[in-house]
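A short write-up of the structure that comes next.
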Amino acid sequence: MTHASAMRRARRRDRRVYLGSHPFLFALLAATRRRPATRIGRTVIAHSRAAFVDGLLRVPLDRTAEGTTGGAAGRLTGGGLLFDQEGDDHRASRRDLADALSAEGVARLRPIWTGLLTDRLAPLAAGHPIDLVDIAADLSGTTTAAMLGLAVDGRDLATAARAAAAAGARDHLPGLPHPGARKAAEAAAANLNNLLTGGDAMAAMLAVAAINTTVAALPRAAAWCADANLWPYAETAVESLVTELLRATTPTPLLPRVAAGSGTVAGCPVTAGDRLVLVARHAVDAHSTDPNPADPAPPHVAQLVFGAGPHACPGARMARAQMADTLAALAPYRPTVVSARADRRSALPGWSSLILAPAR
C-alpha cells in the first residue's frame with residue numbers, strides 16, 4: 001500500500017467517529033467551513049484559526065451560560081469551581097491546577113500509567129488482541145484517581161466520568177433539547193460525585209475532562225498509526241508524532257461558548273447572548289491536512305488543540321506524555337486494527353471499541 005493510500009484509509013476510518021457520534025452537527029460544520037466565521041441566527045460558527053482565537057481571547061464570555069462547557073460544569077458540580085469563577089478566584093484556581101499538572105506532578109504520576117501499560121499490553125506479546133478503548137479508560141481512570149488522591153477503582157471512576165460527560169453532551173452542543181436529557185445528566189453527575197471525597201467540585205471536573213479526552217484521543221491516535229504506517233515514528237520521533245496526532249484527531253473538536261458582550265470574530269460582529277461554536281478541528285487544519293511527523297505543524301498552530309491564552313488546557317503536558325508512552329509501548333508490536341466501533345453516545349468523538357492485534 002502506498003503512503004497516500006494508507007493515509008486515505010486512516011482518514012476514512014477516523015472520519016467514522018464524527019459520523020457515528022454527531023452526524024448532523026458535523027455535516028453543518030462541513031457545510032459552513034468555507035467562511036472564516038458564519039452566523040446562523042444567534043449562533044456564530046468560528047472556523048478559521050483567526051476566528052477561533054478571536055472567540056477565545058477577544059470576545060467577553062459568559063462562563064455560566066446554558067449550553068456551554070461552563071454551564072454544564074456548574075450543574076455537574078452544584079455551582080461549581082474553576083469554570084464559573086471570575087477575576088482573582090478564577091486565576092488562583094487555575095494556578096493550583098497548573099501546579100498539580102506541572103512537570104514534577106506528571107513525573108510522579110508517570111509510573112502509574114507506564115506500569116499499567118506494561119500489564120495491559122502483555123497479551124500482544126503472546127499474539128493476542130487487545131481493546132485499546134478499555135485500556136485507555138483503565139489508564140485514565142487510574143491515573144486521575146491517583147492525581148486526586150481518591151481511594152476508588154480507576155475503572156469505576158472512568159465509567160462514571162464518561163457517563164456524566166455523555167449525559168451532558170447535548171447541553172454543550174447546539175440543537176433541540178432532548179427529552180429526559182436534564183434528568184439523565186443530573187443522575188449521572190450524582191453518581192460521579194458519590195465516588196468523590198466530599199463531592200469535590202474541582203475533582204469532578206478534572207475527572208470528566210481528563211478521562212474523556214484520554215479515552216477519545218489514545219485509541220484514535222493508535223488507529224492512525226496502524227492504518228497510515230506511522231509506528232516507526234513512535235520509536236524514532238515520538239514527540240513529533242504526538243504533536244501531529246493530537247492536531248489531526250483534535251480530541252475536543254469544538255468549544256461551545258456564549259458572548260457576554262460585544263466583539264468581533266474574524267470580522268463577524270458578535271453581541272451579548274450570541275452563541276459561539278469555536279471549531280478547533282478547523283483552526284488546526286485537521287480536516288484537510290494529514291499528520292506528518294517529519295514536518296509537524298508549528299507550535300503556535302499545534303497548541304491550539306489545547307486552547308489559547310488564559311483559556312488553554314492545563315493538562316496538555318500530561319496528555320502529551322500519556323500519548324507518547326502509549327504509542328511507544330505499542331510500536332514494537334506494529335499492531336493492526338482488527339475492528340473499530342464508533343461510540344454513538346460519547347461526549348467526544350471516539351471509539352467504543354478498538355481491537356488491535358500484533359502484526360503477523
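The values are calculated or read from the model by the stated rules, or taken from the named source; none is laboratory data. Everything numeric here is computed off the predicted structure, so don't read it as measured data. Neighbour counts run over all protein chains shown; Cβ positions are idealised from the backbone, glycine included.
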Note on the stretch 126-166: residues closer than 29 Å to Thr336 by Cα and outside any helix (DSSP H, G or I) are Ala126, Gly127, His128, Pro129, Ile130, Asp131
Residue set His311, His287, His300, His282; condition out of contact with any strand residue (DSSP E or B) (no Cβ under 8 Å at 6 or more places or on another chain), more than 25 Å from Leu124 (Cβ to Cβ), of a type outside the set (D, E, K, R) and free of Cβ contacts under 8 Å to residues at least 40 places away in the same chain; output residue His300
Condition set over 20 Å from Ser352 (Cβ atoms) and of a type outside the set (A, V, I, L, M), scope the stretch 197-214, selection modelled with the highest pLDDT: answer is Thr197
Practice prompt. Would you confirm whether any residue within the stretch 246-255 is closer than 22 Å to Ala308 by Cβ, modelled with pLDDT under 95 and in a strand (DSSP E or B)?
Written response: yes
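Looking at the stretch 286-300, which of its residues are surrounded by 16 or more Cβ atoms within 10 Å (Cβ to Cβ) and of a type in the set (A, V, I, L, M)?
Ala286, Ala297
Let's see how each residue does on (1) β-branched (Val, Ile, Thr); (2) surrounded by 15 or more Cβ atoms within 10 Å (Cβ to Cβ); (3) closer than 21 Å to Ala217 by Cβ:
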site	(1), (2), (3)
Arg9	no, yes, yes
Ser21	no, yes, yes
Phe24	no, no, no
Arg33	no, yes, no
Ala37	no, yes, no
Ala46	no, yes, no
Pro60	no, no, no
Scanning the stretch 141-184 residue by residue, the ones that are modelled with pLDDT of 75 or more, in contact with a Leu (Cβ under 7 Å, 6 or more places away or on another chain) and not small (Gly, Ala, Ser) total 9
When Asp14 is run through (1) touching a Lys or Arg at 6+ places or on another chain (Cβ under 9 Å); (2) modelled with pLDDT of 90 or more; (3) not in a helix (DSSP H, G or I), the failure sits at (3)
Notebook entry, point to check: Can you spot a residue in the stretch 215-235 that is hydroxyl-bearing (Ser, Thr, Tyr), touching a residue at least 12 places away in the same chain (Cβ under 8 Å) and more than 14 Å from Ser140 (Cβ to Cβ)?
Noted result: yes
Residues of the stretch 303-325 being modelled with pLDDT under 95 and of a type in the set (Gly, Ala, Ser), in sequence order, are Gly307, Ala308, Gly309, Ala312, Gly315, Ala316
Among residues of the stretch 267-292 being part of a loop (DSSP other than H, G, I, E, B), of a type in the set (Gly, Ala, Ser) and in contact with a helix residue (DSSP H, G or I) (Cβ under 9 Å, 6 or more places away or on another chain), the residue nearest to Ala37 (Cα to Cα) is Gly267
When the stretch 325-355 is checked residue by residue, the ones that are assigned to a helix (DSSP H, G or I), within 22 Å of the chain's Cα centre (by Cα) and not charged (D, E, K, R) are Thr326, Leu327, Ala328, Ala329, Leu330
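One line per residue, one yes/no per condition, for (1) more than 20 Å from the chain's Cα centre (by Cα); (2) under 25 Å from Leu139 (Cα atoms); (3) of a type outside the set (Val, Ile, Thr):
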{"position": "Thr252", "(1), (2), (3)": "no, yes, no"}
{"position": "Ala260", "(1), (2), (3)": "yes, no, yes"}
{"position": "Gly263", "(1), (2), (3)": "yes, no, yes"}
{"position": "Val284", "(1), (2), (3)": "no, no, no"}
{"position": "Asn292", "(1), (2), (3)": "yes, no, yes"}
{"position": "Gln303", "(1), (2), (3)": "no, yes, yes"}
{"position": "Gly307", "(1), (2), (3)": "no, yes, yes"}
{"position": "Gly315", "(1), (2), (3)": "no, yes, yes"}
Checked Ala286, Ala321 against criteria (of a type outside the set (D, E, K, R) and under 29 Å from Arg63 (Cα atoms)); the one match is Ala286
